[in-house]
Amino acid sequence: MDVLFTAASATVTVMIEDINDHVPVFTQPIYRAVMSESYGVGASIITISATDADVGSNARLLYSLREQDREFFMVVSVEATNTGVLKVHRVSLTRATD
């Protein structure tokens, strides 16, 4: 039995929570990443960055995903760098076969 590997894509919406004076702005309008199907749970896919003109604790950003994007992905907020790391949350075991 041959195993056929196919390409797939996913669009994930990352949101930033902020309740202060200035709106956070992503440092890139779109982030693109390529990942291998060999990535395991917890593997880092891409780091996302934003800036906020607020100061002190008001400038701290919290990244999250829309509900429908949480099945296979998670985002971890890194307070020290104000970044978010998109990671594998669950691995699909479905593979195309001949």
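Only the coordinates and a few stated rules stand behind these numbers; no lab work does. Treat the numbers as computed from the prediction; the structure is a model and nothing was measured. Glycine gets a Cβ as well: all are built from the backbone with ideal geometry, and neighbour counts include every protein chain shown.
Summary of packing: across the peptides 44-51, 66-73, the per-residue average of other C-beta atoms within 10 Å ranks them, highest first, as 44-51, 66-73.
Compute the normalised compactness of segment 14-88: alpha-carbon radius of gyration over 2.2 N^0.38 Å, N being the residue count.
On the way: Rg = 13.1 Å, N = 75, 2.2 N^0.38 = 11.3 Å.
Normalised Cα radius of gyration, segment 14-88: 1.15.
Think of each Lys and Arg Cβ as +1 and each Asp and Glu Cβ as -1; about the Cα centre, that makes the dipole of segment 14-88 roughly 260 debye.
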